[in-house]
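To start, the structure under review is shown below, and the notes come after it.
Values in this text are rule-based calculations from the coordinates and carry no lab data. These numbers were taken from a predicted model, which means no experiment stands behind them. Heads up, the Cβs are rebuilt from the backbone with ideal geometry, glycines too, and the neighbour counts pull from every protein chain shown.
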Amino acid sequence: MNALGTYLIKLIKAQGPITIATFMAEALGNAKYGYYMKQDPFGGKGDFTTAPEISQMFGEMVGLWHAVNWLNMGSPDKIHLIEIGPGRATLMQDVLRAMKVIPGLLDAIEVHLVEMSPKLREIQAEKLKNYAQLTWHNRISDALGSAKGEPILIIANEFFDALPVRQFQKQETGWHERLICLDDQEKLSLQLAPVASPEQVIPVALHRADIGSIAEVCTIGENICSEIAEHIQQYCGAALIIDYGHDAHGTGDTLQAVKNHKYVDILSDPGDVDLTCHVDFQRLKEIALKCETRTYGPINQGKFLKSLGIEARSQTLLANANDQQQKDILSALHRLTDNSEMGALFKVLGLTDKSLAGVTGFEQ
Ligand code: SAH
């Protein structure tokens with residue numbers, strides 16, 4: 001067992017079984033051994049590839065979406081562009097480059113990066129060194145605090161899927177939480193809590209689910225969404241949440257572990273494999289609506305990018321490209337938009353304040 005596994009075994013011996021959420025939080029964010037804390041997990045040689053790492057066109061479309069919002073807000077003198085979970089900062093770099101073409105926008109922007117990983121912060125600082133106004137935060141609440149009273153533009157791509165979830169399985173006796181405990185050989189293993197949890201932790205839409213169904217609850221994600229929505233509702237702004245997930249409540253175990261672009265056992269090598277869960281977009285939308293923000297989507301990533309003009313953008317890039325580059329551009333366009341690739345699995349949810357008009361990208 002690796003170092004984090006040994007630590008978790010000690011923890012369980014001392015305190016008893018832990019929830020899946022505690023396991024995820026440790027596996028991804030443990031200060032010493034957490035997956036994101038010690039390495040750069042992206043790219044062809046890494047464990048997984050994200051949309052901005054596939055092509056600059058993705059970030060350009062996101063930048064364009066927010067640029068239009070800024071113009072429709074009446075081009076405020078100051079606005080905070082906040083990215084949550086910026087990874088290698090490729091997305092932010094492409095967003096800022098796309099925004100350059102809008103006169104006055106970059107002068108109005110202060111960039112905030114919400115990032116827990118010291119390793120990734122170093123990479124981000126290097127990538128964005130040409131931009132003066134950069135601040136890092138550990139939590140979204142700190143970033144929103146420094147934007148107090150002022151409008152915000154938020155980007156979260158593949159961030160919500162990395163947040164810890166709790167899982168519950170329906171039994172005759174109610175919803176029992178899935179816990180991680182130790183088996184006879186003192187190895188990490190999954191087990192159901194002997195006592196059912198109160199039904200109110202489960203979304204109402206799932207209460208009548210069949211016996212054996214699994215419900216996932218991401219309280220941290222819900223809280224982050226409501227903090228963002230409250231700020232937007234109070235001080236204006238727009239947010240774009242992009243991730244893989246389902247657009248309606250559903251049951252099922254979506255927790256997955258990936259190493260070197262392959263699925264592996266979730267309990268193997270904690271801290272050395274990426275762990276994610278599908279995002280429940282309907283839940284995020286309900287929370288935003290409760291905060292009285294306007295919501296757009298969720299719609300498929302392919303539709304969103306096409307509606308913003310990714311095909312026209314690819315034509316412009318193709319016109320100046322050599323043979324190999326042309327192949328790469330077409331393959332990237334396919335990966336980002338086609339339903340057999342990221343186009344349908346990935347969803348886009350937009351949030352804006354009620355007074356913002358002319359929001360693009362979500363035409364059905
Ligand atoms: N948006 C990037 C990276 C996605 S990976 C892209 O599209 O390429 C997830 C990112 O979120 C990483 O930067 C990771 O370090 C960060 N992250 C994950 N959980 C976090 C948390 N709880 N707080 C802050 N950052 C977190």
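Taking each pair of distinct Cα atoms in region 218-364 once, what is the resulting Kirkwood hydrodynamic radius in Å?
Over region 218-364, the inverse of the mean reciprocal pair distance is 17.3 Å.
List R97, R335, R313 from most exposed to least, where exposure is judged by having the fewest other Cβ atoms within 10 Å.
R97, R335, R313
So what is the relative contact order of region 225-298, in percent, for Cα pairs below 8 Å that sit 6 or more residues apart?
The value is 40 percent.
For helix 20-29, what angle does its Cα long axis make with the longest principal axis of the chain, in degrees from 0 to 90 and rounded to 10?
Relative to the chain, helix 20-29 is tipped by roughly 50 degrees.
Using the Kirkwood radius over Cα pairs, work out the Stokes-Einstein diffusion coefficient for the chain at 37 °C and 0.692 mPa s, in µm²/s as a whole number. Write out the running numbers ahead of the final one.
Values: Rh = 21.4 Å.
Estimated diffusion coefficient is 153 µm²/s.
Based on Cα positions only, what radius of gyration and what Dmax would you give for region 139-198, in angstroms?
Just the Cα atoms of region 139-198 yield Rg and Dmax of 19.2, 56 Å.
Rounded to the nearest 20 Debye, what is the dipole magnitude of region 130-230 about its Cα centre when Lys and Arg each give +1 and Asp and Glu each give -1 at the C-beta?
Dipole size: approximately 120 debye.
Rounded to the nearest 500 deg cm²/dmol, what is the calculated helix-only ellipticity per residue at 222 nm for the chain, with -39500 (n - 2.57) per DSSP H run of length n ≥ 4? Provide the component values of the computation, followed by the final result.
On the way: 15 runs with 142 residues, N = 364.
Calculated mean residue ellipticity at 222 nm is -11000 deg cm²/dmol.
Can you tell me the orientation of helix 56-72 relative to the chain, as the angle in degrees between its alpha-carbon axis and the longest Cα principal axis, to the nearest 10?
Taking the Cα atoms of the chain, the angle to 56-72 is about 70 degrees.
Show which lysines lie in cross-link reach of K32 when reach means a straight Cα distance below 23 angstrom and same-chain residues fewer than eight apart are skipped.
List returned: K10, K13, K45, K119, K187, K259.
Give me the number: length gained by fully extending V101 to Q326, i.e. 0.36 nm times residue separation minus the C-alpha to C-alpha distance, one decimal in nm.
78.6 nm
By DSSP, what percent of the beta bridges with both residues in the chain are antiparallel, rounded to the nearest 5?
60 percent
Relative contact order of region 107-245, please, whole-number percent, based on alpha carbon pairs below 8 angstrom and at least 6 residues apart.
Working: 170 pairs, mean separation 39.7, N = 139.
Taking the mean separation of contacting Cα pairs over the length of region 107-245, I get 29 percent.
Tell me, what ³J(HN,Hα) does each residue in region 311-325 have, in order and in whole Hz, if you take phi through Karplus 6.51 cos²θ - 1.76 cosθ + 1.60 with θ = phi - 60° and put x for Gly and Pro?
So the J values, rounded to whole Hz, are 5, 5, 4, 5, 4, 4, 5, 5, 4, 10, 10, 7, 4, 5, 4.
Taking θ as phi - 60°, what are the ³J(HN,Hα) couplings along region 335-343 by the Karplus curve (6.51, -1.76, 1.60), each to the nearest whole Hz, with x for Gly and Pro?
4, 6, 10, 6, 5, 7, 10, 8, x
Using Cβ counts within 10 Å as a stand-in for footprinting exposure, how do M24, M37 rank, fewest first?
Fewest to most other Cβ atoms nearby, the residues stand as M37, M24.
With +1 on the Cβ of every Lys and Arg and -1 on the Cβ of every Asp and Glu, and nothing else charged, how large is the dipole of region 231-361 about its Cα centre, in debye rounded to the nearest 20?
So the magnitude is around 500 debye.
Can you list residues whose amide H is under 5 Å from W175's amide H, if they're 5+ apart or on another chain and H is modeled 1.01 Å from N?
The answer is S197.
Pairing the Cα long axis of helix 281-290 with the longest principal axis of the chain, what angle in degrees results, from 0 to 90 and rounded to the nearest 10?
70 degrees
Per residue, how big is the convex hull of region 145-264 when only Cα atoms are used? Give it in Å³. All intermediate terms of the calculation are to be shown ahead of the outcome.
On the way: hull volume 20.1 nm³, N = 120.
Dividing the Cα hull volume of region 145-264 by its residue count gives 168 Å³.
With 10 angstrom as the radius, rank T22, T173, T337 by how many other C-beta atoms surround their C-beta, starting from the fewest.
T173, T22, T337
Have a look at P164, A108, P151 and report the one farthest towards the positive end of the charge dipole of region 86-170, computed about the Cα centre with Cβ charges (Lys/Arg +1, Asp/Glu -1).
P164
Using +1 at the C-beta of Lys and Arg and -1 at the C-beta of Asp and Glu, which of P298, N260, T276 has the Cα lying farthest in the positive direction of the dipole of region 257-305?
Projecting each Cα onto the dipole axis, the largest value belongs to P298.
What relative contact order, as a whole-number percentage, does the chain give when Cα pairs under 8 Å and 6 or more residues apart are counted? Intermediate results must be reported in sequence, preceding the final value.
Values: 707 pairs, mean separation 72.6, N = 364.
Relative contact order, the chain: 20 percent.
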